[in-house]
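The values are calculated or read from the model by the stated rules, or taken from the named source; none is laboratory data. This one's a predicted model, so the numbers in the text were calculated from it and none came from an experiment. Heads up, the Cβs are rebuilt from the backbone with ideal geometry, glycines too, and the neighbour counts pull from every protein chain shown.
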Amino acid sequence: MTSETSLVKQSIVRRSQRISTRISTSAGNKLSHSVLETSSWTARTRRSTKAHEDITQRAVVLQSDASLLGKAQEDHLETTVAESIILPKTTTFKGRLGYACLNTLMRGLKPDPVFCSRTCRIDTILKKGLDYVKSLALQNVCDLLKIIEWNEIHNIRFMRISSDLFPFASHGEYGYDISFAKEELQAVGALAKKYNHRLTSHPGQFTQLASPKNNVVTASIRELEYHTKFMDLMGLDKDGVIIVHMGGTYGDKEAALARFKENYQEKLNSNIKARLVLENDEFCYNIEELLPISQELNIPIVIDYHHDWLYPSSRSIAKLIPIVNDVWMRKGIRPKQHLSSPRPGAITIVEKRGHAKRCYTLPEELPNDMDLMIEAKDKEQAVFELYRIYGLHPVDEASWRPELIVDVEELADDVIPSTSRKRRKTNLKE
């Protein structure tokens with residue numbers, strides 16, 4: 001066992017003890033599920049009594065079982081500690097960094113969380129009717145206004161709108177016209193324009209124009225019409241793009257590309273075409289495979305660095321960016337890209353697909369003046385992290401929280417066999 005690892009273990013135990021002490025004066029504050037909690041975040045968040053008891057119990061488990069860490073855990077902790085020591089970096093990047101759909105701080109507000117993805121089940125629609133669904137949608141739109149205001153205060157001027165803004169709006173049976181929220185949507189667009197914020201959207205994985213199934217294509221078009229409608233009602237300019245993947249290959253990649261082309265040309269209206277952009281994925285279509293259809297149909301490509309790492313093109317991103325950006329420029333749209341990192345410790349391709357909580361390095365190939373969506377689990381905090389590392393914008397210390405380096409549940413999975421952990425938790429509850 002290395003001396004560094006021993007220090008880490010000692011630090012974990014000390015911190016867990018300090019957490020237990022702090023909790024006694026912070027009952028009612030919101031729990032952040034980690035042993036390495038900072039005092040500033042603890043002081044600002046609300047925790048329930050139940051959460052207080054839970055973290056205390058977990059701290060005891062962690063403290064008592066730190067000695068069980070083996071070689072694999074030593075390596076994991078050493079890597080984690082090394083990654084947590086971030087030195088300042090420099091960049092020439094002058095674009096906007098953004099996050100997707102959810103603001104973690106605002107979502108955690110009690111008793112009135114702020115978020116834009118309220119939804120329900122079909123059974124609820126049958127019991128309460130569409131007026132109830134529309135009321136959820138209005139709450140979502142009103143909260144989007146609050147999030148944009150928060151983003152402006154915190155120097156974040158790029159955000160992805162949740163596809164659940166209007167729950168079930170594109171459903172084949174329970175869908176509805178969203179024009180009832182026209183005034184509210186116009187207010188969102190006006191506020192975004194006032195602050196020069198960019199709003200985009202990314203329909204889910206089931207939006208597949210290349211599918212061989214007519215019902216899937218029909219549902220995909222409804223979804224695209226819905227996204228286009230709320231963006232048009234907001235009055236967003238052409239930078240408000242809708243990102244989709246090509247989808248599966250269905251056993252014949254060329255045939256799938258041909259279907260996409262036919263459906264794009266013959267079934268999409270001009271408003272959808274004006275906003276639709278493609279993104280390379282990690283399994284089926286890399287950047288180079290999308291280029292021919294991009295250039296022929298004048299559809300911009302969003303470069304995703306993580307996906308390119310998993311399924312690279314034969315040419316480097318540095319060589320592909322000028323080619324890709326030429327289509328963006330032809331359509332008069334500001335280019336955007338996606339950045340995420342694989343989860344620490346990921347081994348299989350499926351595990352590597354998962355996003356880490358944060359990113360700590362901007363790509364060397366990143367153009368100076370464009371927009372970069374940070375697809376990380378910590379959302380706005382991941383943007384703050386890059387702001388701090390690169391000095392891009394000042395960060396309000398009261399709204400920033402450091403990454404939770406050791407998650408208790410994850411560490412428990414490594415240190416304590418699941419059956420043993422369940423037994424210990426049972427004993428603690430008794």
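Filtered by the rule that a residue be acidic (Asp, Glu) and within 27 Å of Leu290 (Cα to Cα), region 182-231 gives Glu223, Glu225. Total residues in region 251-285 satisfying the condition of being within 19 Å of Pro312 (Cα to Cα) and touching a helix residue (DSSP H, G or I) at 6+ places or on another chain (Cβ under 7 Å): the figure is 5.
Per-residue answers, yes or no, for (1) among the acidic types (Asp, Glu); (2) outside any helix (DSSP H, G or I); (3) in contact with a Phe, Trp or Tyr (Cβ under 7 Å, 6 or more places away or on another chain):
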{"position": "Ile299", "(1), (2), (3)": "no, yes, no"}
{"position": "Ile303", "(1), (2), (3)": "no, yes, no"}
{"position": "Trp309", "(1), (2), (3)": "no, no, no"}
{"position": "Ser314", "(1), (2), (3)": "no, yes, no"}
{"position": "Ile323", "(1), (2), (3)": "no, no, no"}
{"position": "Asp326", "(1), (2), (3)": "yes, no, no"}
{"position": "Met329", "(1), (2), (3)": "no, no, no"}
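For Asn151, the test of being part of a helix (DSSP H, G or I), crowded, with 21+ Cβ neighbours inside 10 Å, modelled with pLDDT of 95 or more and not β-branched (Val, Ile, Thr) is passed. Considering region 278-303, and only residues there that are of a type outside the set (A, V, I, L, M, F, W, C) and under 21 Å from Glu225 (Cα atoms), the residue that is surrounded by the most Cβ atoms within 10 Å (Cβ to Cβ) turns out to be Pro300. One residue alone among Lys331, Lys377 is among the basic types (Lys, Arg) and touching a residue at least 40 places away in the same chain (Cβ under 8 Å), and that residue is Lys331.
Annotation: Cys284 fulfils all but one of (1) hydrophobic (A, V, I, L, M, F, W, C); (2) touching a Lys or Arg at 6+ places or on another chain (Cβ under 8 Å); (3) under 20 Å from Ile161 (Cα atoms); the unmet one is (3).
Gln337 passes every criterion in (1) farther than 26 Å from Leu236 by Cα; (2) not in a loop (DSSP other than H, G, I, E, B) apart from (1).
Checking the stated criteria, Leu366 turns out not to satisfy the condition of being of a type outside the set (D, E, K, R), in contact with a strand residue (DSSP E or B) (Cβ under 9 Å, 6 or more places away or on another chain) and part of a strand (DSSP E or B).
Annotation note: of Lys193, Lys182, Lys229, the sole residue that is assigned by TED's automatic domain parsing to the domain that holds Tyr264, under 22 Å from Leu138 (Cα atoms), out of contact with any helix residue (DSSP H, G or I) (no Cβ under 8 Å at 6 or more places or on another chain) and in contact (Cβ under 8 Å) with a residue 40 or more places away in the chain is Lys193. Looking across region 110-142, the residues that are within 17 Å of Phe230 (Cβ to Cβ) and touching a helix residue (DSSP H, G or I) at 6+ places or on another chain (Cβ under 8 Å) come down to Phe115, Cys116, Ser117, Arg118, Thr119, Val133, Lys134, Ala137, Leu138, Asn140, Val141, Cys142. Beta carbons closer than 6 Å, at least 6 apart along the sequence or on distinct chains, pair a first residue in region 305-320 that is in the same structural domain as Phe283 (by TED's automatic domain parsing) with a second that is hydroxyl-bearing (Ser, Thr, Tyr) and at pLDDT 95 or above for His306/Ser340.
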